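Comments concern the structure below.
The values are calculated or read from the model by the stated rules, or taken from the named source; none is laboratory data. In this text the structure is predicted, and so the values were computed from the model without any measurement. For neighbour counting, all protein chains shown are included, and Cβ atoms are generated from backbone atoms with ideal geometry for every residue, glycine included. The protein model used for the area step is the full one, side chains on, heavy atoms only, and it has no ligands, DNA or RNA in it. Shrake-Rupley method; radii C 1.70, N 1.55, O 1.52, S 1.80 Å.
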Amino acid sequence: MRKSLRWLVSLSVVIGTVGPTATVATAADTQAADAGRTATADAAVSADIKDRLLAIPGMSLIEEKPYAGYRYFVLNYEQPIDHKRPWAGTFQQRISVLHKDTDRPTVFRTSGYGLSTTPSRTEPTRIIDGNQISMEYRFFSPSRPEPADWSKLDIWQAASDQHRIFTALKSIYGKKWLSTGASKGGMTATYYERFYPRDMDGVVAYVAPNDVVNQEDSAYDRFFETVGTKDCRDRLNNMQREALLRRGPLEKKYAAWAASEGATFNTLGSLDKAYEAVVLDFVWGFWQYYGQDVCDQIPVAATASDDEVYDTIDAYSGWSAYTDQDLESYTPYYYQAATELGSPSIKQPHLAGLSRYGYQPASSFVPKEIPMKFKPQVMRDVDNWVRKNADQMLFVYGGNDPWGSEKFHLDKSARDSYVYVAPGMNHGANIAGLVPAEKANATARVLAWAGVDAPAVAAAKPLARYDARLDQPVDEDATREHGLRP
């Protein structure tokens, strides 16, 4: 499943005031003394938050990075391998703390994958102008028990990781808490709410797939039959067909590239299977991260050279996606997809007679020595709970994102909860991209859930100023290039 765009948005507000020049020496002296006392007090507060974090049992410092107006810490937190048997071994789980003020609300975010150690903030963090706690998902390196007992990688164990981190930090950050995440991170925030509904005061889940019945994926087929214009769909489908028609010469290029990179294909079984898996991802990858506005950049398949076909597939799918080297980093995701989350399979009738393997199941991308058994009841339970019990939950999807084909839905019993779709947006959909009325309501609800003052809720605008350097999307993991992953 395709590369995930991690909407890690960063935060830095430089605060400084310059007062008028004093005309009286005693006034200047007083100002200097006051400034000195303020600086000393500020330094004490800054030092205190580090001391308070490190006073938590099991918490240790990896590094601190200075950030204007904030403190940023990367930490290890000792977690049980099995929350049902906490005495049976522990592992170190990475988290980061973007500290603004203990009097501000806090956002708890996870990508569902690894942890970026670049200071950043999510959209909800900017909206509420708060603190942000980020968690690396269990079993993603280096937050992996050794040896790895893969049976302890499930959504309940991961939710329990979050619950334990929240419990440890709540005594420091005592104001309201919201959880958030995008894609698999949005799924993670939802699962956390399902198992620990009393922890958070609100949930903002972005582009979170909801694969209730793993064998029923017709919603994806309908999406690809209607997304964009017919001309664009035909151009993409023709390029995909061309890559399979030219399998022979293009696989030679692929083999030469693999040899030069030292890439191998033992997990999937052959270069041929990897080649087809990348090609079959092409159309999905285009719509997940690009869109109609760049469709004219796709070469006309019939007249494209072999190099143009090869390079175009690489640009939108990535030839490295199904090598052993890339798959190893994402074994935890594929394991979860094969045991609980489910994974999409689409028909792609325009490839009839050319595809040898079809969309391969998630289990194909996990080393054979790791035992797997799919549990169909897990996603059904989550879906049923969200429909009936959602309380202060917001789901945001992109209208042109294939992952949004299977959304979370709400019944009438849900309370103060919403499912919104940002027209024309892809896997990077956010509150800012919603239509005006929904954008205003979503922003107001996030502010209200965070417990900010009524006038700010009524204004329905982010409390923190946009920073062009820090509020850009940051890739959660630079090694994650392509592949059909949410």
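Counting alpha carbon pairs within less than 8 Å and at least 6 residues apart, what relative contact order, in whole percent, applies to region 284-367?
Values: 40 pairs, mean separation 22.2, N = 84.
Relative contact order of region 284-367: 26 percent.
Near Glu369: Cβ cut-off under 15 Å, other residues only, Lys/Arg at +1 and Asp/Glu at -1. The net charge is -1.
Put a dot 7 Å past each Cα toward the Cβ at Phe374 and Asp453; how far apart are the dots in nm? A separation of 5.4 nm, rounded to one decimal place.
Pull up the DSSP beta bridges for the chain and report the antiparallel fraction as a percent, rounded to 5. Could the numbers behind the result be given before it?
Values: 23 of 47 bridges.
Bridges in the chain are about 50 percent antiparallel.
When only Cα pairs under 8 Å and 6 or more residues apart are kept, what is the percent relative contact order across the chain? Relative contact order comes out at 21 percent.
For Tyr418, the residues whose amide H sits under 5 Å from its own are Met393, Leu394, Phe395, ignoring neighbours fewer than 5 places away on the same chain, with H placed 1.01 Å from N. Past 24 Å, Cα to Cα, is the threshold; run Lys184/Lys388; Lys230/Lys439; Lys175/Lys388; Lys84/Lys175; Lys184/Lys461; Lys252/Lys273 against it and keep the listed order. Violating the 24 Å Cα-Cα cut-off are Lys230/Lys439; Lys175/Lys388; Lys84/Lys175; Lys184/Lys461. The helix-based estimate of mean residue ellipticity at 222 nm for the chain, built from -39,500 (n - 2.57) per DSSP H run of four or more residues and divided by its residue count, is -11500 deg cm²/dmol to the nearest 500.
Solvent-accessible area per residue in region 195-304 equals 43 Å², computed with a 1.4 angstrom probe and all protein chains kept. Each peptide in 120-128, 145-153 gets a packing score, the mean of other Cβ atoms within 10 Å over its residues, and the list from highest to lowest is 120-128, 145-153.
Among the protein heavy atoms of the chain, carbon and sulfur supply 52% of the accessible surface, probe 1.4 Å, non-protein parts ignored.
Between Ala277, Tyr330, Ile298, the Cα set farthest toward the positive side of the dipole of region 265-341 (charges on each charged residue's Cβ, about the Cα centre) is that of Tyr330.
What accessible area per residue comes out for region 39-178, rounded to a whole number of Å², with a 1.4 Å probe? Don't skip to the end; give the middle numbers.
On the way: 5140 Å² over 140 residues.
Accessible area per residue: 37 Å².
Computed on region 92-221, with alpha-carbon pairs under 8 angstrom and 6+ residues apart, the relative contact order is 28 percent. The gain in end-to-end length when the Lys407 to Lys461 segment is fully stretched comes to 16.8 nm, 0.36 nm per residue minus the alpha carbon separation. Take the alpha carbon atoms of region 217-255, find their center, do the same for region 50-79, and report the distance between the two centers in whole angstrom. If we compute the Cα centre of each part, the gap is 47 Å.
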